[in-house]
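Read through the structure below, which is laid out as structure tokens, and then see the notes.
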């Protein structure tokens with residue numbers, strides 16, 4: 001039997017007392033920390049619930065609100081949407097330009113090129129998968145009895161060639177100032193005097209067609225004329241392409257273009273600080289947008305069914321892309337069982353689900369890759385950083401499905417050219433999207449505005465966007481991890497040469513140091 005020690009008893013009693021009080025203090029701190037980190041999300045949920053309650057209450061009123069009363073009710077929400085639209089151009093230009101310029105392909109060499117090729121390929125797969133799912137399931141076509149938000153929408157052109165011509169014509173703008181408020185469309189004047197638009201991405205702009213074209217000549221002669229004209233609407237494709245080109249040239253120019261890059265970095269910082277300020281008004285704006293939307297609906301329950309089907313479709317798409325497509329790529333390229341790798345990435349995915357930020361999850365992602373999955377640290381530092389910037393598979397898939405869902409929801413037919421435009425826009429904007437929580441609404445408005453689609457329905461999507469945003473961020477992190485493993489596999493010979501080169505350089509430096517010390521000793525003698 002051990003001898004009694006009063007000092008040990010006091011220490012043991014103190015430890016037991018601390019253990020009794022520790023859980024309460026830790027629980028309190030965790031609860032306060034959770035509220036602080038998720039306060040905006042909680043306020044947005046409150047705004048959604050308040051908006052639904054007010055909207056359903058007004059919808060059941062007899063008689064229903066008149067159109068002017070709906071406009072008054074929507075006014076606070078319109079201010080929120082307009083504040084977001086105000087920052088569209090500075091955010092998309094600065095984000096894409098800086099994201100492209102900060103990827104130094106020259107210093108990373110073949111590994112960086114492989115990373116860029118891999119991530120762009122997976123983004124294309126995600127975008128194509130999103131189009132296939134939402135066009136197949138058609139979650140926005142199931143609601144009836146809903147008032148039309150855009151009553152005079154012309155049908156899409158039956159000529160896909162014109163749509164693709166307009167797509168590429170807008171990708172190469174002739175005026176970087178005009179591209180912010182004008183885009184080019186092809187108008188087809190047929191023999192009977194009717195006109196169609198080659199790419200009606202700005203549906204409301206048809207009424208603004210140029211009036212100095214002699215359509216009567218085409219009617220009289222029984223011929224078809226193709227007229228390229230400039231119509232109102234942001235040419236987002238032109239902005240995206242121009243921003244990426246300027247970013248690539250800025251990256252290649254090095255220190256000579258540093259002042260130019262610094263300006264856009266400052267613009268990006270200022271823009272997102274403004275977003276951080278405006279986003280705190282979102283709970284109020286969302287409440288009034290949802291209330292006005294529900295107040296004018298004939299049958300709100302059908303809209304909720306649409307939203308539920310859309311949510312399930314997005315989750316299925318994220319699962320297919322994240323756990324099937326990416327796992328198949330891992331299995332095919334590495335010929336290993338991906339299950340163990342997926343288990344190793346679970347901590348990073350859970351952290352991403354809680355933080356809703358790829359950038360904030362970067363340290364955890366690197367740790368999971370190096371410690372749990374044994375990926376070379378030389379690869380993880382580079383590839384995970386590139387992935388956190390450009391690899392947004394889940395975000396790309398969601399943006400694509402969101403835009404097509406809004407079009408279906410409002411009865412707007414989309415041509416093949418418009419589907420391609422949505423896919424390219426979603427891919428490009430997802431590549432430049434900053435991993436900042438709560439900014440998804442900005443990019444959603446970008447895509448809808450550039451396609452001429454109504455932005456009011458974003459308020460409906462925000463009811464579930466807080467959850468889907470965390471799901472797609474987790475898929476982004478999984479894509480970063482699998483990408484790092486695949487790129488390490490294809491770069492193993494380059495990594496071996498890099499290691500041999502480092503050994504030779506180290507040996508040479510040690511030899512030079514030894515010879516220098518020997519010379520100094522001889523001189524002293």
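I'd like to check something: does region 478-492 contain any residue that is at pLDDT below 85, in a helix (DSSP H, G or I) and over 30 Å from residue 43 (Cα atoms)? Yes, because at least one residue in region 478-492 is at pLDDT below 85, in a helix (DSSP H, G or I) and over 30 Å from residue 43 (Cα atoms).
Tell me yes or no: at least one residue of region 184-191 is modelled with pLDDT of 55 or more, assigned to a loop (DSSP other than H, G, I, E, B), surrounded by fewer than 21 Cβ atoms within 10 Å (Cβ to Cβ) and in contact with a strand residue (DSSP E or B) (Cβ under 7 Å, 6 or more places away or on another chain). Within region 184-191, not a single residue is modelled with pLDDT of 55 or more, assigned to a loop (DSSP other than H, G, I, E, B), surrounded by fewer than 21 Cβ atoms within 10 Å (Cβ to Cβ) and in contact with a strand residue (DSSP E or B) (Cβ under 7 Å, 6 or more places away or on another chain). Annotation: residue 44 fulfils all but one of (1) in a helix (DSSP H, G or I); (2) modelled with pLDDT under 85; (3) over 26 Å from residue 450 (Cβ atoms); the unmet one is (3).
Checked against (1) more than 30 Å from residue 297 (Cα to Cα); (2) in contact (Cβ under 8 Å) with a residue 40 or more places away in the chain; (3) in contact with a helix residue (DSSP H, G or I) (Cβ under 6 Å, 6 or more places away or on another chain), residue 420 passes all but condition (3). The combined condition, being within 30 Å of residue 99 (Cα to Cα), in a helix (DSSP H, G or I) and modelled with pLDDT of 85 or more, is fulfilled by residue 122. When residue 91 is tested against (1) surrounded by 17 or more Cβ atoms within 10 Å (Cβ to Cβ); (2) over 19 Å from residue 448 (Cα atoms), only condition (2) is not met. When each of 351, 333 is tested for being under 24 Å from residue 389 (Cβ atoms), touching a helix residue (DSSP H, G or I) at 6+ places or on another chain (Cβ under 6 Å) and either modelled with pLDDT under 85 or not in a helix (DSSP H, G or I) (or both), the lone residue that passes is 351. So which residues in region 42-70 are surrounded by 12 or more Cβ atoms within 10 Å (Cβ to Cβ) and without any contact (Cβ under 8 Å) to a residue 60 or more places away in the chain? Within region 42-70, 42, 49, 53, 57, 69 qualify.
Could you tell me whether any residue of region 302-311 is free of Cβ contacts under 8 Å to residues at least 40 places away in the same chain and assigned to a helix (DSSP H, G or I)? Yes, region 302-311 contains at least one residue that is free of Cβ contacts under 8 Å to residues at least 40 places away in the same chain and assigned to a helix (DSSP H, G or I). In this entry, residue 22 is excluded by the filter for residues that are at pLDDT below 90, under 22 Å from residue 455 (Cβ atoms), out of contact with any helix residue (DSSP H, G or I) (no Cβ under 6 Å at 6 or more places or on another chain) and in a helix (DSSP H, G or I).
Only a single criterion out of (1) surrounded by 16 or more Cβ atoms within 10 Å (Cβ to Cβ); (2) under 18 Å from the mean Cα position of the chain (by Cα) is not satisfied by residue 380, namely (2).
Condition check ((1) surrounded by 19 or more Cβ atoms within 10 Å (Cβ to Cβ); (2) at pLDDT below 85) across all residues:
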| site | (1), (2) |
| --- | --- |
| 323 | no, no |
| 327 | no, no |
| 361 | yes, yes |
| 368 | yes, no |
| 373 | yes, no |
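Of all residues in region 233-261, those that are farther than 21 Å from residue 442 by Cα have Cβ atoms under 8 Å from Cβ atoms of residues that are part of a loop (DSSP other than H, G, I, E, B), 6 or more apart or on another chain, in 251/102; 251/103; 251/104. Only one of the numbered conditions (1) part of a helix (DSSP H, G or I); (2) exposed (fewer than 15 other Cβ atoms within 10 Å of the Cβ) is not met by residue 298, and that is (1). Being assigned to a helix (DSSP H, G or I), modelled with pLDDT under 85 and in contact with a helix residue (DSSP H, G or I) (Cβ under 9 Å, 6 or more places away or on another chain) is true of residue 252. Is there a residue in region 404-419 that is modelled with pLDDT under 85 and buried (at least 20 other Cβ atoms within 10 Å of the Cβ)? Scanning region 404-419, I find at least one residue that is modelled with pLDDT under 85 and buried (at least 20 other Cβ atoms within 10 Å of the Cβ), so the answer is yes. Of all residues in region 100-115, those that are modelled with pLDDT under 80, under 10 Å from residue 386 (Cβ atoms), assigned to a helix (DSSP H, G or I) and under 22 Å from the mean Cα position of the chain (by Cα) total 1. Only one of the numbered conditions (1) free of Cβ contacts under 8 Å to residues at least 24 places away in the same chain; (2) in a loop (DSSP other than H, G, I, E, B) is violated by residue 328, and that is (2).
The values are calculated or read from the model by the stated rules, or taken from the named source; none is laboratory data. Since this is a predicted model, take the numbers as computed values, not measurements. As a convention, Cβ positions derive from the backbone with ideal geometry for all residues, glycine included, and neighbour counts pool all protein chains shown.
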